Amino acid sequence: MSNQHSSHEMWLARLKDHLENQRYASGPAQRYVDVAGHFLAFLEQQHVEPRAAQPADVQRYLQRAVGMYRRRHGHLPDYAGWRSSHTSGVHMLLRLVQGQWPPVPMAVTPTEILQRNICEQYAEWMTGVRGLAPVTVSGRCDEARHFLSWMGDRATPEQLASLTVSDADGYMKDRAASLRRPTLNGVASNMRSFLRWLHTTGHTARDLSTAVVAPSLYAFEGIPSALRARDVEKVLAVTRQDHTRKGIRDYAILMLLSRYGTRAGEVAALRLDDINWHKDTIRIRHTKTCAASHLPLLPEVGKAILDYLQKSRPKVCFREIFIRSRAPYRPFQSGSSLYTPIRRRIDAAGVVTAGKRGPHAFRHARAVSLLHGGVPLKEIGDVFGHRASDSTLVYLKLATEDLRAVALEIPTEVKL
């Protein structure tokens, strides 16, 4: 019993050190340590080792904690906030103990093992043979897992070998029930890729990729949403007035988005060594193509980034430039993490848009400004990291004022 107690004390000490290294405030840090201690005591009563703890054990602990709260206060807690305050410390402890939390579910049944193996082989092929970007590999693997889960117990080597057009049609029909046309078109593209790979590797007798029917999408049928130039400047002006650490960081991010038209993922991935202060250049690694562009570092952008590095950025060991503004101080996990802070800046500026309200609206706005400035499409594509000219042509639709200038008048009457 004493050995187990010493082990618990060791893990709590490690958790406390971790919280201090991540610069958590003393109040929340102590709360996490206290809750983690209660959880370890609960595991000891249940005769469960921390290394063997499962999500079900955490759920049982929460149920007991809810009962204790009700007996003490005479009512149930505000569950959302209360649950977060209890699970944050527990989950952090279990990540320290087990290395990963939540644990990856083990493939147990033959069907689950087959599904896991197929998806792993598919991912390796896309990465090693096709050289696809990680975001593309992830999306296509997700669709493959979705399809194999849809097949359920029929996802066996024998059933896959005899896969039919009806199976592909049935899956697409189910997916179509809850998806918009552009999204369903992407599902069809991912399915064609997976079915083609299944046939190439001998998992299916027929190549069913040609049997996947996708909805028609017409070239340039929609107009991308973009902020107006004056709205961009308004958002920048309002954010510049926020002299808090978060405000300084968000202003630097907005300068990158608005002046270079970068994708959110490219901003999140920007590292300290991507900026050459001596040569005044910035390297932007494009997330979709895995290529890199070396661009001049605009003075106003460089100043915004330098202000952030000197006045606002937490002192951490990460090489990524932009760090979360509260503990745990770490880089943004992906470009999607920037959506909420950017949307809040747009809202704070009182800018009302009919379409996108996140980082990508600034990319479209930059395209419009470059078009108005007479910059050739090829150069716009180079700045934006496009491989194909068709990717840049879509921005022509945004120059609506220029299109009006060359529009033909509609005759008031036509004589036969």
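Nothing in this text is a laboratory measurement; each read-out follows from the coordinates by a stated rule. Computed from a predicted model, the values in this text were never measured in an experiment. Virtual Cβ from ideal backbone geometry, glycine too; neighbours counted across all protein chains shown.
Which of 139, 247, 374 moves most in a GNM of the chain, Cα contacts under 10 Å? Judging by the Gaussian network model, the answer is 374. For residue 204, nonlocal amide neighbours, meaning residues 5 or more places apart or on other chains whose placed amide H falls under 5 Å from its own, are 199. The charge dipole of the chain, taken about the Cα centre with unit charges on the Cβ atoms of Lys, Arg (+1) and Asp, Glu (-1), comes to about 1140 debye, rounded to the nearest 20.
Once the other residues with Cβ under 14 Å from the Cβ of residue 208 are scored (Lys, Arg +1; Asp, Glu -1), what is the net sum? Residues close to residue 208 contribute a combined charge of 0.
Where a ≥ b ≥ c are the square roots of the eigenvalues of the C-alpha gyration tensor, would you call segment 292-384 rounded, which needs a/c under 1.5, or, failing that, prolate if a/b is larger than b/c, or oblate?
Working: a/c = 2.08, a/b = 1.37, b/c = 1.52.
Here segment 292-384 falls in the oblate category.
Approximating the spin labels as points 7 Å out from Cα along Cα→Cβ, the residue 84-to-residue 100 distance works out to 2.7 nm.
Under the Kirkwood approximation for Rh and a Cα-based Rg, what ratio Rg/Rh is obtained for segment 2-98?
Numbers: Rg = 13.4 Å, Rh = 13.9 Å.
Ratio value, two decimals: 0.97.
Shown here is the pair-distance distribution of segment 110-211: with all Cα-Cα distances grouped in 10 Å bins from zero up to the longest one, the shares run 15, 51, 31, 2 percent.
A Förster radius of 60 Å, combined with the Cβ-Cβ distance separating residue 10 from residue 207, puts the computed FRET efficiency at roughly 0.60.
For segment 229-403, what is one quarter of the convex hull surface built on the Cα atoms, given in nm²?
Values: hull surface 40.7 nm².
With the hull built on Cα positions only, its mean projection is 10.2 nm².
Summarising the amide proton neighbourhood of residue 281: residues at separation of 5 or more, or on other chains, whose placed amide H is nearer than 5 Å comprise 276, 297.
Once the chain from residue 130 to residue 71 is taken as fully extended at 0.36 nm per residue, the excess over their C-alpha distance is 15.3 nm. Fully extending the segment from residue 278 to residue 200 would add 23.0 nm, taking 0.36 nm per residue of separation and subtracting the current Cα-Cα distance.
Based on alpha-carbon positions alone, could you give the equivalent ellipsoid semi-axes of the chain from the gyration tensor, as √(5λ), descending, whole Å? Don't skip to the answer; put the middle values down first.
Working: eigenvalues 381, 248, 90 Å².
Sorted largest first and rounded, they come to 44, 35, 21 Å.
Rounded to whole numbers, the Karplus 3J(HN,Hα) couplings from phi for segment 235-240 are 4, 5, 5, 5, 5, 4 Hz, using 6.51 cos²θ - 1.76 cosθ + 1.60 with θ = phi - 60°, and x at Gly and Pro. Shown here for segment 298-355: trypsin sites (Lys or Arg not before Pro) in loop regions (DSSP other than H, G, I, E, B) with at most 15 other Cβ atoms within 10 Å, namely 315, 319, 326.
Among the lysines of the chain, pairs that are 8 or more positions apart or on different chains and have alpha carbons within less than 21 Å of each other number 14.
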